[in-house]
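The values are calculated or read from the model by the stated rules, or taken from the named source; none is laboratory data. Bear in mind the structure is a predicted one, so any value in this text is a computation, not a measurement. Cβ placement follows ideal geometry from the backbone for every residue including glycine, while neighbour counts extend to all protein chains displayed. Ligands, DNA and RNA are excluded from the accessible area calculation, which covers all protein heavy atoms including side chains. Shrake-Rupley method; radii C 1.70, N 1.55, O 1.52, S 1.80 Å.
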Amino acid sequence: MPAAAKSLPTPRQWISLFATGAVTLFLLLSPELPLLVRAGAVIGLCIGLWATGWLPQWLTALVFFTLCTVAGVASADIVFAGFGSAATWLVFSGLIIGAAIQYTGLGNTLARGVGPWLEGSYRRALIGVILLGLAMAFFMPSGMGRILLMVPILTTLADHLGYEPGDKGRTGLILGGMMGTFLPTYAILPANVPNNVLMGAAEAVLGTPPNYSEYLLLHFPVLGLLKTLLLIAVMLWLYPARAPKQSDSVAERPHLSRPELGLAALLSVAVLLWMSDAWHGISPAWIGMLVALVCLFPGSRLMGANPLQSISFDSFLYVAGIVSLGALAFHSGLGERVAGSLLSVLPLREATDAAAFGMLSGLAMVLGTLVTLPGIPAILTPMAPGLATITGWTPEAVYMTQVVGFSTVLLPYQAPPLIVGILAARISLRETARLCLITALLSVLLLWPLNYLWWEWLGWI
């Protein structure tokens with residue numbers, strides 16, 4: 001009887017089921033309604049399910065694909081756009097690379113080598129992994145790639161330092177490393193997908209994309225360095241923990257087995273290629289896929305006999321779903337309609353520069369809850385010349401406010417790399433959502449005013 005009771009849906013799952021059924025009936029019974037309304041119903045349902053976590057993330061993605069297809073909401077190339085996205089295949093390659101790091105023992109060896117330097121103080125260990133994550137952003141242009149590379153190392157490091165699953169110290173170390181290579185790195189131009197979308201959209205609209213040094217000077221002092229300090233303070237407050245386990249041996253040079261050496265050499269080549277993608281033009285996703293193919297090849301000794309059986313494809317389906325949802329929001333015109341509606345009620349003409357800065361940054365932040373972070377620059381950048389006329393700013397200053405907005409992440413589902421990381425590391429969605437909301441609130445209250453003052457001092461406003 002207890003086993004049967006456990007198999008019954010929870011009240012939240014019942015609500016999710018009824019909501020899905022209601023939206024399905026609405027779509028099937030009203031095929032004559034405008035695409036904007038039908039797409040809005042599907043997008044609203046799926047964002048609600050992803051934001052609450054009442055259904056598994058991968059199941060919500062399947063709900064999205066099925067509803068759109070059965071009800072004919074959009075064509076197949078839009079509904080399944082996520083499977084043609086480089087981000088989705090970067091996730092797949094990251095799953096393979098992570099499994100290879102675990103299978104060969106490379107993660108454990110690296111953790112044994114780094115662990116002794118982080119022992120003795122939880123504060124030192126936490127600050128160390130956050131700064132490591134930030135430093136990696138200067139060398140690897142893909143946020144998804146960085147998180148998927150770090151997760152197996154972070155989990156093994158937490159094991160090595162004696163933090164068991166469920167310990168606050170374990171959650172703090174793993175989340176700290178992921179957030180360190182994610183939140184502050186929006187201040188580094190090629191380090192995340194939204195940054196790159198902004199660069200491409202700015203070139204398409206204005207003819208000149210932002211350059212690396214200008215972007216870094218404008219954003220990194222506040223959104224990079226100060227946000228890193230803010231993140232450290234929040235992590236130490238939310239996740240206090242005992243000191244790490246002490247090792248009996250002094251730090252020594254790790255001894256790598258032949259498979260570990262092979263994988264380390266392979267990953268070194270991949271990192272060099274990721275670092276130089278502006279020179280050779282190969283997408284980080286396909287560099288990752290080349291590494292994954294080598295790992296999967298029979299006889300490589302980097303994976304087991306049946307490698308795909310040991311891999312969970314939850315994050316692969318999730319990212320495909322969230323990218324497809326962004327494509328539907330863009331092509332249906334829903335994202336632009338929402339942005340236009342918000343702009344129509346914002347008193348930008350009468351606003352002071354400080355108020356306009358807050359409103360434009362807030363617009364980008366709120367829009368990200370609908371179209372996810374990569375969709376923000378695709379929708380708002382074409383509006384920059386018109387907004388520049390209203391505010392009296394340069395178009396460059398207008399579109400740069402998007403960075404302030406999309407670097408302030410309200411909920412994990414907005415950012416595919418973050419949700420993939422917490423799924424791979426088995427971190428609670430609720431824990432991550434709490435961290436995102438607290439960090440976002442403090443960013444708006446503390447960092448946004450400082451960011452405005454920095455822009456004003458630089459002469460951008």
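Quick rundown of the values:
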{"read-out": "Scope the range 63-75; condition in contact with a helix residue (DSSP H, G or I) (Cβ under 7 Å, 6 or more places away or on another chain) and touching a residue at least 40 places away in the same chain (Cβ under 8 Å); matching residues", "value": "63, 64, 65, 67, 68, 71, 73, 74"}
{"read-out": "Candidate set from the range 48-72 (those that are β-branched (Val, Ile, Thr) and under 22 Å from residue 415 (Cα atoms)); member that is most open to solvent (accessible area, probe 1.4 Å)", "value": "52"}
{"read-out": "Residue identified as modelled with pLDDT under 85, open to solvent by 20 Å² or more (accessible area, probe 1.4 Å) and either part of a helix (DSSP H, G or I) or of a type in the set (Ser, Thr, Tyr) (or both) among 377, 385", "value": "385"}
{"read-out": "Single match in 85, 30, 75, 93 (criterion: more than 20 Å from residue 16 (Cα to Cα), open to solvent by 50 Å² or more (accessible area, probe 1.4 Å) and among the hydroxyl-bearing types (Ser, Thr, Tyr))", "value": "75"}
{"read-out": "Residue tally, condition of a type in the set (Phe, Trp, Tyr) and open to solvent by less than 10 Å² (accessible area, probe 1.4 Å), over the range 133-173", "value": "1"}
{"read-out": "Check on residue 361, out of contact with any helix residue (DSSP H, G or I) (no Cβ under 6 Å at 6 or more places or on another chain), at pLDDT 85 or above and open to solvent by less than 50 Å² (accessible area, probe 1.4 Å)", "value": "no"}
{"read-out": "Test result for residue 301, basic (Lys, Arg) and surrounded by 13 or more Cβ atoms within 10 Å (Cβ to Cβ)", "value": "yes"}
{"read-out": "Test: residue in the range 63-85 that is modelled with pLDDT of 85 or more, among the hydrophobic types (A, V, I, L, M, F, W, C) and within 24 Å of residue 181 (Cβ to Cβ)", "value": "no"}
{"read-out": "Single match in 354, 320, 329 (criterion: exposed (fewer than 15 other Cβ atoms within 10 Å of the Cβ) and touching a residue at least 60 places away in the same chain (Cβ under 8 Å))", "value": "354"}
{"read-out": "Some residue of the range 40-47 being of a type outside the set (A, V, I, L, M, F, W, C), open to solvent by less than 30 Å² (accessible area, probe 1.4 Å) and within 20 Å of residue 414 (Cβ to Cβ)", "value": "yes"}
{"read-out": "Within the range 1-110, helices (runs of 4 or more DSSP H) holding 2 or more residues that are under 20 Å from the mean Cα position of the chain (by Cα) and within 17 Å of residue 325 (Cα to Cα)", "value": "35-52, 57-70, 86-104"}
{"read-out": "Residue within the range 130-148 that is under 20 Å from residue 434 (Cα atoms), modelled with pLDDT under 85 and outside any helix (DSSP H, G or I) present", "value": "no"}
{"read-out": "Residue in the range 338-349 that is open to solvent by less than 60 Å² (accessible area, probe 1.4 Å), over 22 Å from the mean Cα position of the chain (by Cα) and under 27 Å from residue 426 (Cβ atoms) present", "value": "no"}
{"read-out": "The listed residue being crowded, with 16+ Cβ neighbours inside 10 Å and assigned to a loop (DSSP other than H, G, I, E, B), out of 241, 202", "value": "241"}
{"read-out": "Residue within the range 350-365 that is of a type in the set (A, V, I, L, M, F, W, C) and in a loop (DSSP other than H, G, I, E, B) present", "value": "yes"}
{"read-out": "Test: residue in the range 274-293 that is open to solvent by 60 Å² or more (accessible area, probe 1.4 Å), more than 22 Å from residue 84 (Cα to Cα), among the aliphatic types (A, V, I, L, M) and out of contact with any Ser or Thr (no Cβ under 8 Å at 6 or more places or on another chain)", "value": "yes"}
